[in-house]
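Following: one structure in C-alpha cells, then a few remarks.
The values are calculated or read from the model by the stated rules, or taken from the named source; none is laboratory data. These numbers come from a predicted model, not from an experiment. Positions of Cβ are generated from backbone atoms using ideal geometry, with glycine treated the same way; all protein chains shown enter the neighbour counts. Please note that ligands, DNA and RNA were not included when accessible areas were found on the heavy atoms of the full protein model with its side chains. Shrake-Rupley method; radii C 1.70, N 1.55, O 1.52, S 1.80 Å.
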Amino acid sequence: QVQLVESGGGLVQAGGSLRLSCTASGGTFSRYSMGWFRQAPGKEREFLAGINWSGSSSYYTDFVKGRFTCSRDNAKNTVYLQMNSLKPEDTAVYLCAADTSLVTIKGGTPDYWGQGTQVTVSS
C-alpha cells in the first residue's frame with residue numbers, strides 16, 4: 001500500500017510561482033509512475049502532468065505546458081510540480097497520484113491518491 005502526502009500549497013499572487021512536493025511511503029517508489037491532478041470547486045478532477053518511473057518521460061495537459069514542470073527524485077521518494085506564471089483559474093486542490101502505468105494515470109484512474117494540497121491564486 002502506497003501512501004502519498006502532498007505539501008507546498010498556499011496563497012500566491014497571480015504571476016507567482018509555487019513548488020508542490022509529494023512524498024511517497026509504503027512501496028518501492030521507483031516502481032511507480034507519478035502524476036499530478038487538480039480539482040476546483042464544482043469542477044471535475046483534471047489531469048495536469050505525469051512522469052514515468054525513471055523521470056525520463058513526462059507528459060502535460062495543454063493548458064499547463066510551458067508553465068508547469070513535473071520532476072522526481074527517487075532517492076527522496078518525492079515527485080515535484082513546479083508551477084510558474086500562476087493564474088487565478090489555477091486555484092484548486094492539487095493531488096498527486098501513483099500507478100505502475102503512466103497510461104493509467106493519464107486516464108485518471110491511478111491506484112493511489114494523496115489527500116491534496118490547496119493552491120489559491122489571487123488576482
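Based on this model, can you work out whether residue 90 counts as buried (at least 17 other Cβ atoms within 10 Å of the Cβ) and over 17 Å from residue 117 (Cα atoms)? So residue 90 does not fit the description; no. Considering only residues in region 61-82 that are open to solvent by less than 60 Å² (accessible area, probe 1.4 Å) and more than 18 Å from residue 119 (Cβ to Cβ), the one that is nearest to the chain's Cα centre (by Cα) turns out to be 72. Would you check if there is a residue in region 81-88 being of a type outside the set (A, V, I, L, M, F, W, C), in contact (Cβ under 8 Å) with a residue 24 or more places away in the chain and out of contact with any Ser or Thr (no Cβ under 8 Å at 6 or more places or on another chain)? Yes, that holds for at least one residue.
Within region 93-109, the set of residues being surrounded by 19 or more Cβ atoms within 10 Å (Cβ to Cβ) and over 13 Å from residue 45 (Cα atoms) comprises 98, 99, 102. Checked against (1) free of Cβ contacts under 8 Å to residues at least 60 places away in the same chain; (2) closer than 26 Å to residue 13 by Cα, residue 25 meets all criteria but (2). State whether the residues of region 45-66 include one that is within 25 Å of residue 15 (Cβ to Cβ) and β-branched (Val, Ile, Thr). Yes, the conditions are met somewhere in region 45-66. The residue that is modelled with the lowest pLDDT, among those in region 112-123 that are surrounded by fewer than 22 Cβ atoms within 10 Å (Cβ to Cβ) and in contact with a helix residue (DSSP H, G or I) (Cβ under 8 Å, 6 or more places away or on another chain), is 123. Would you say residue 90 is over 14 Å from the mean Cα position of the chain (by Cα), modelled with pLDDT of 95 or more and not polar (S, T, N, Q)? When the stated conditions are applied, residue 90 does not pass them.
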